[in-house]
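Here's the structure we're looking at; comments come further down.
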Amino acid sequence: MEKFILNKMVLPNELKDIINTEGLEIIIPESREQVMDLALGGCGKMSCDVSFEVDGMGLVREASVVRCKNGIVANYDDTYMRRRDPDAAVIADDLPTDKDTHLERFGIPFDGIRLETFAWLKKQKSLILMPFMAGNSSMGLGYASILVAPANAAFFAAALLDLQGFIPIGKIPNFFKPKAVVYVAPPFRHTHYNGKQVVVHNRLYEMHEVFSYNLYPGPSAKKGIYSVLLNIGEQEKWVTCHASTVRIITPYELTVTIMHEGASGGGKSEMTEQFHRQADGKLLLGTNIVNGEQVLLTIMDSSELHPVTDDMAMCHPSLQNDSHKLVVADAENGWFVRVNHITRYGTDPQIESMTIHPEKPLVFINMDATPGATCLIWEPIMDSPGHPCPNPRVIMPRNFVQNHVDGAVEVDIRSFGIRTPPCTKDAPNYGIVGMLHILPPALAWLWRLAAPRGHANPSIVDSEGMVSEGVGSYWPFATGKMVDQANLLLDQVLRTTSTRYILIPNQYIGAYKVGFSGQWATREYLSRRGGAKFRPEALMDSRCSLLGYSLESIKIDGQLIPKGFLQVNYQPEVGNEGFDAGARILVDFFKREIKKYLTPDMHPMGRKIIEACLEDATVRDYFEFIPKI
């Protein structure tokens, strides 16, 4: 086996040394089914524990894995491990970065722990060595990568396999030279990192090392690979956007493509879902939290949705054309779908059917599971009695998704999503964002710099208050300098002047609890009218200039949306007083966050836009930087 590996692949010396360890079994998977079986300990077992010997603690169980009829289900003993820690990433190297370095955060350099990690891997009975391509290999945009993980953590390999794809042992090309290696060593979170999720990035000259010291795939198998793509893009001057993309075909045969960006919980996966109907078929747009009033819409024929990307959209230069629209392709092989909004049977028949009767067994995380039974996505594991885990997940291979689009697409509309809290005059907050705002390109760029994480985030550990996710909403996964990513995004905006920009809230619009209904209604509205190009008289400056333009009216299938959903100050529960108090919170947040980008390396146009914001620019000011409406 060692000779075969060395002949087929051009591996770093450290990995060669691990592979050549006497008595160590190396498993290079032949099939997805093999990895799924290994996740249960092999030999057709129905359940297994994922445990490791930890110095000073004895045998520690990290997770349990159960075989159900429709897939395998992994659950973590530590509730902290069931959501991504937004501060998991640290940098080990000396290359330019605005992230915490290992030395800064932990007080010691990483070199010694790196060598300890290699030594620990050599002591395992067997390792999984799984080659894969990060990015989009079908379009020639894949980057050779490899996973190195203990075999008793094979469920982690199964998760990465469905997220990123893999290369079977019989199809590994000659001279396969990885640009990224993911090393998995779970006990180190206890012995070196006080039980925390830590993913260490070591950017070498020709390779990116990712050291995953935990088994939740969010910060490593998923976002760790995202980090690799962002690092490559930073060197080659392109971006992988944090975005879902959907091609929408209306009942009137109009076609519109929307790319929806935003921090975790910002509605990316929901943008590719059909809206959730009430028992009578209507869409519940919102429920007033003060008086209980419900606003319902009758949308007889919903649009047909063709998903393109779920979370990572490659904007590689080779994809762009002369349309002056952004062109994107999926950067993933599978989608890490959060399903906490599906609370009972019948909420979302399409995804329920896909998960109950999948083409092949799926990988579920944070779900209640009984060996041999069917895993139901509306039954998450309990964090504590009466408190379900807010982050149940299923990994859905993209080729299982109905009507998915392979290849590249032109983006007509770039939307940005924000989780907003309730806002009333008695308890004002930043939930002042109307159902739909039109943004001048310069202002749309600012929103991607501030990138609010928003209210009650179910996907990550830290979700209190208004916190910035940072440039493009992908900053938690980037490894370099914030200003470099900000400049790349601005250059992207300047080059794609035919793509329009909008802002969409979810959870609350003023005093109305909306969940994702406002987002779904906006999607139906814009697709029915063929895009987001409006006559100037249809728009008015928002009361808060950071919200760009508001609409005077919206009509969907002959039904007018209440004006308070478009301009929140018209809600009597909010009024001008509550709106202005919430606006101050939003403005103060923006000014605090965008100041950090005023470094000598900032693009001259970007500097002007940021300075204008700090001086309370008007909507017209933002429009004139990059005129496009």
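Quick notes
- Listed residue (Thr287, Leu297, Gln274) projecting farthest to the positive dipole end of the range 191-337, Cβ model: Thr287
- Compactness of the range 508-575 as Cα Rg over 2.2 N^0.38 Å, two decimals: 1.12
- For Gly454, residues with placed amide H under 5 Å, excluding near neighbours: Val467
- Rounded to 5, percent antiparallel among DSSP beta bridges of the chain: 70 percent
- The range 20-81 - Debye-derived log10 I(q)/I(0), Cα point model, q = 0.15 Å⁻¹: -0.61
- Ligands, DNA and RNA left out, the accessible area of the chain computed with a 1.4 Å probe is 49% carbon and sulfur.
- Under 18 Å from the Thr347 label point (7 Å along Cα→beta-carbon), backbone N, the range 486-514: 506-508, 513-514
- Rg [Å, one decimal], Dmax [Å, integer] - the chain, C-alpha atoms: 24.2, 76
- Phi angles across the range 255-267 convert, under the Karplus curve 6.51 cos²θ - 1.76 cosθ + 1.60 with θ = phi - 60°, into 3J(HN,Hα) values of 10, 9, 10, 10, 10, 10, 9, x, 5, 3, x, x, x Hz, Gly and Pro given as x.
- Hypothetical label at Leu95: residues of the range 132-158 whose amide nitrogen lies under 17 Å (7 Å Cα-Cβ projection): 134-135, 143-146
- Our helix-only sum for the chain, with -39,500 (n - 2.57) per DSSP H run of n ≥ 4 divided by its residues, gives a mean residue ellipticity at 222 nm of -7000 deg cm²/dmol.
- Mean Cβ count within 10 Å, highest first, over the residues of peptides 514-523, 494-503, 339-348: 514-523, 494-503, 339-348
- Near the amide H of Lys481, within less than 5 Å, lie the amide hydrogens of Asp98, all on another chain or at least 5 residues away, with H placed in the peptide plane.
- Using only alpha carbons, the range 367-489 has a radius of gyration to Kirkwood radius ratio (Rg to Rh) of 1.03.
- Efficiency of FRET between Lys16 and Lys171 - r from beta-carbon atoms, R0 22 angstrom, step 0.05: 0.55
- Largest-first principal axis extents, alpha carbons of the range 446-565, Å: 49, 35, 25
- Ordering of 112-124, 200-212, 409-421 by packing is 409-421, 200-212, 112-124, highest average first (other Cβ atoms within 10 Å, averaged per residue).
- For Val308, nonlocal amide neighbours, meaning residues 5 or more places apart or on other chains whose placed amide H falls under 5 Å from its own, are Thr245, Val246, Arg247, Val405.
- Taking the convex hull of Cα positions in the range 491-629, its mean projected area over all directions (nm²): 9.4 nm²
- Straight-line cross-link partners of Lys123 among the lysines, defined as a Cα under 26 Å from its Cα and at least 8 positions apart when in the same chain: Lys3, Lys8, Lys16, Lys45, Lys177, Lys179, Lys196.
- Accessible solvent surface per residue of the chain, calculated while the other protein chains remain in place, 1.4 angstrom probe, Å²: 37 Å²
- With a Förster radius of 22 Å applied to the C-beta separation of Asn288 and Thr618, the computed FRET efficiency comes to 0.10.
- Residue-wise HN-Hα coupling along the range 50-65, computed from phi with Karplus coefficients 6.51, -1.76, 1.60 (Hz; x: Gly, Pro): 9, 10, 9, 6, 10, 3, x, 10, x, 7, 10, 8, 8, 7, 10, 10
- For the range 378-385, the Karplus equation 6.51 cos²θ - 1.76 cosθ + 1.60, evaluated at θ = phi - 60°, returns couplings of 8, 10, x, 5, 8, 5, 7, x Hz by residue, with Gly and Pro reported as x.
- Partners for Lys596 among lysines (Cα-Cα distance below 23 Å; same-chain residues under 8 apart left out): Lys99, Lys237, Lys481, Lys608
- In nm, spacing of pseudo-spin labels at Glu206 and Ser553 (7 Å Cα→C-beta vector): 6.6 nm
The values are calculated or read from the model by the stated rules, or taken from the named source; none is laboratory data. On a predicted model such as this, the values are computed, not experimentally measured, just so you know. Quick reminder, even Gly has a Cβ in these numbers, built from the backbone with ideal geometry, and neighbours come from all protein chains shown. Each accessible area value is taken on the protein alone, full model and side chains, heavy atoms only, with ligands, DNA and RNA left out. Shrake-Rupley method; radii C 1.70, N 1.55, O 1.52, S 1.80 Å.
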